[in-house]
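The values are calculated or read from the model by the stated rules, or taken from the named source; none is laboratory data. Given the structure is predicted, the values throughout are model-derived calculations rather than measurements. All Cβ positions, even for glycine, are placed from backbone atoms using ideal geometry, and neighbour counts span all protein chains on display. With ligands, DNA and RNA removed, areas are computed over all heavy atoms of the protein, side chains included. Shrake-Rupley method; radii C 1.70, N 1.55, O 1.52, S 1.80 Å.
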Amino acid sequence: MSLLAARRVKVAYGGIHAVRGVDLEIAEGELVCLIGANGAGKSSFLKGVMGLVHAHGEIQLGAQRISGLPTHAIARLGIALVPEGRGVFGRLSVRENLEMGAFTRKDKTGIRDDLDKVFGLFPRLAERSRQAAGTLSGGEQQMLAIGRALMSRPRLLLLDEPSMGLAPLMVHKIYATIADIAAQGVTILLVEQNANLALKTSQKAYVMESGVIRLHGPSAELAQDPMVRAAYLGE
Ligand code: ATP
């Protein structure tokens with residue numbers, strides 16, 4: 001069974017139809033990417049899954065229907081979103097930000113173990129655990145946002161353009177860590193404009209254009225597709 005199944009999902013802002021009937025499935029343990037140009041509707045789809053905007057259609061997490069539930073309930077069921085722009089709490093320390101990520105949990109020892117795991121994934125955060133998050137570099141804030149999401153022990157991690165605004169070396173680091181997180185068994189839906197990198201990192205891909213899924217399939221196959229190469233890989 002799929003971990004996430006979205007059927008005929010639509011998101012509209014007044015008269016603007018950002019998502020126009022999207023079907024998408026993610027199996028447990030998969031790393032799936034959703035690529036597309038600016039304004040294709042990728043972020044709106046993620047926000048719809050997370051309940052941050054109203055989504056029409058059906059969205060299921062495992063056997064549970066989540067469409068229509070409030071965001072906090074969806075978070076408790078095991079979905080964590082790392083939004084575009086990261087959204088770290090600037091005045092709180094790195095450690096406090098990470099602890100906020102565990103707000104749905106009560107298992108103190110588990111939380112401590114996961115904090116160690118996050119510091120293991122991102123040694124840079126361990127070095128800066130007392131520093132105010134607002135003073136971190138963009139790449140460090142991205143690490144913190146991902147770390148904070150992991151602190152909820154999500155069944156499904158939604159990443160919105162983790163490479164945005166970062167220097168190539170930092171993008172490389174973030175992507176290496178995303179691959180590590182996936183290898184540890186976390187299911188991931190990765191939204192990216194950087195199609196090249198997203199297709200290399202994921203197993204399955206969806207291409208979104210003007211609110212609809214234009215193509216989907218194994219990432220290695222899509223990377224060879226002439227339309228994808230022309231439109232998204234700059235060839
Ligand atoms: P980007 O990569 O630029 O973030 P995207 O594929 O994530 O693009 P969305 O951010 O989902 O695209 O935007 C899809 C469409 O919905 C765009 O036309 C955008 O202007 C519109 N839109 C997004 N958020 C809102 C909003 N809060 N109110 C009105 N229109 C919105």
Counting every C-alpha pair in the chain, the percent lying more than 34 Å apart is 12
Here, region 55-167 modelled as identical Cα point scatterers in vacuum has Debye log10 I(q)/I(0) at q = 0.16, 0.19, 0.23 Å⁻¹ of -0.74, -0.98, -1.28
As a percent rounded to 5, the proportion of antiparallel DSSP bridges among beta bridges in the chain is 55
Here the relative contact order (percent) of region 103-235, from C-alpha pairs under 8 Å and at least 6 apart, is 17
Probe 1.4 Å, heavy atoms of protein chains only: per residue, the accessible area of the chain in Å² is 47
Relative contact order as a percentage, the chain, C-alpha pairs under 8 Å and 6+ apart, gives 27
Expressed in square angstrom to the nearest 10, the accessible area of His17 with a 1.4 Å probe stands at 100
Filtered pair list for region 2-232 (Lys only, Cα < 18 Å, 8 or more apart or interchain) has a length of 7
So, relative contact order of region 1-134 in percent, Cα under 8 Å, 6 or more apart, is 21
If R0 = 25 Å, then Phe103 and Arg130, at their Cβ-Cβ distance, give a FRET efficiency to the nearest 0.05 of 0.80
Heavy-atom accessible area of the chain with neighbours in place, 1.4 angstrom probe: carbon+sulfur share in percent works out to 52
Applying the span-like rule to the chain (DSSP H, Cα extent along axis at least 27 Å, Kyte-Doolittle mean at least 0.0) gives none
